[in-house]
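**Q** Pasting a structure below so you can have a look.
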Amino acid sequence: MAANNRRMSGKKGAQVGSGGQRRRGLEGKGPTPPAEARKGHKKNRIANVKAKQAARRPAPRGRGGKGTSEMVVGRNPVVEALREGVPAVTLYIQQFIDNDERVREALQLVADRGGVHLMEAPRPELDRMTNGLNHQGLVLQVPPYEYAHPEDLAAAAYDEGQDPLIVALDGVTDPRNLGAVVRSVSAFGGHGVVVPERRAAGMTAGAWKTSAGAAARTPVARAANLTRALESYKKAGLVVVGLAADGEVEVGELEALGGPVVIVVGSEGKGLSRLVGETCDFRVRIPMPGGTESLNAGVAAGVVLYEASRRRV
């Protein structure tokens with residue numbers, strides 16, 4: 001009878017397999033959060049207002065924005081990009097791919113470099129990612145390029161106790177020319193390259209490859225308006241020198257190249273645009289006894305950078 005009374009009583013015995021719920025219920029909830037983190041507290045409301053105000057502020061001037069993500073497509077282009085040290089986020093490889101030596105080299109390069117994700121994907125997915133291009137089972141994702149602000153280049157030079165030596169490109173649309181200019185700037189001790197945001201080459205995988213690794217050492221800045229960026233350089237004490245076939249001064253005669261200077265290179269076909277040309281303090285020409293009509297941007301920039309470097313030594 002006693003047993004029946006116990007079964008019919010309203011009291012509950014210990015639950016089997018409670019997992020220590022009773023013990024956890026007795027534990028504290030940790031230290032009290034600071035006032036700024038407690039909802040409804042005056043300091044929390046003040047902190048929220050400050051956060052909203054910060055979000056409405058314009059981005060700092062020291063940033064030139066980001067480029068767009070890019071895909072390198074095909075076995076040879078992918079292997080060449082990895083050999084040249086082009087930045088990469090992910091290597092996509094097709095499932096059940098025919099494993100030739102280029103595929104093996106791409107996998108080895110990724111393994112040696114580290115920090116690059118390796119993803120296997122079916123062919124239809126790679127077709128979708130590349131908009132139907134002939135990817136041959138290999139696709140390399142290149143991260144967006146982090147552009148500097150034009151003023152950062154001059155500021156960095158002055159911080160090092162040096163006169164700024166900068167190249168600006170006006171209407172240069174071939175990424176390989178941009179890569180060649182970056183390489184020349186690095187070789188002759190320059191402090192960076194400026195490109196316009198619109199109608200101009202950006203730091204694509206092709207530009208990275210042509211720079212032969214110099215893009216990792218030499219910053220590229222992007223200007224919303226190249227003319228205004230040049231005027232800002234002039235206010236900061238830099239001399240703006242434009243390259244033109246009909247320039248008034250030969251490059252070897254311009255003493256200003258020995259000081260703070262920004263060299264402006266136009267497109268091979270059209271040269272400097274009107275507004276940019278009018279902004280220049282000097283328009284210089286490169287003498288060409290051989291009779292060649294013009295040089296591409298990379299070669300022309302290299303010639304003037306050499307003269308500037310020679311004068312600085």
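**Q** Ignoring any ligand, DNA or RNA, what whole percent of the accessible area of the range 174-313 comes from carbon and sulfur when the probe is 1.4 angstrom?
**A** 48 percent
**Q** While we're looking at this one, here's another question. Ratio to report: Rg/Rh of the range 246-313, with Cα atoms as the point set and Rh obtained by the Kirkwood method; give two decimals. Show your work: numbers first, answer last.
**A** On the way: Rg = 11.8 Å, Rh = 12.6 Å.
My calculation puts Rg/Rh at 0.94.
**Q** Suppose the chain between Asn76 and Glu120 were pulled fully straight at 0.36 nm per residue; how much longer would it get relative to their current alpha carbon spacing?
**A** 14.0 nm
**Q** From the square roots a ≥ b ≥ c of the eigenvalues of the alpha-carbon gyration tensor of the range 149-201, which class results: rounded (a/c under 1.5), prolate (a/b over b/c), or oblate?
**A** Note, shape of the range 149-201 comes out oblate.
**Q** Give the carbon-plus-sulfur fraction of the accessible surface of the range 63-131 in %, rounded to a whole number; probe 1.4 Å, heavy atoms of protein chains only.
**A** Of all accessible area on the range 63-131, carbon and sulfur atoms account for 47 percent.
**Q** Provide the per residue accessible area, probe 1.4 Å, for the range 191-279, rounded to a whole number of square angstrom.
**A** Here the residues of the range 191-279 average 44 Å² of exposed surface.
The values are calculated or read from the model by the stated rules, or taken from the named source; none is laboratory data. Please read these numbers as outputs of a predicted model, since none were measured by experiment. Ligands, DNA and RNA are stripped out before the accessible areas are found, and what is left, the full protein with its side chains, is counted by its heavy atoms. Shrake-Rupley method; radii C 1.70, N 1.55, O 1.52, S 1.80 Å.
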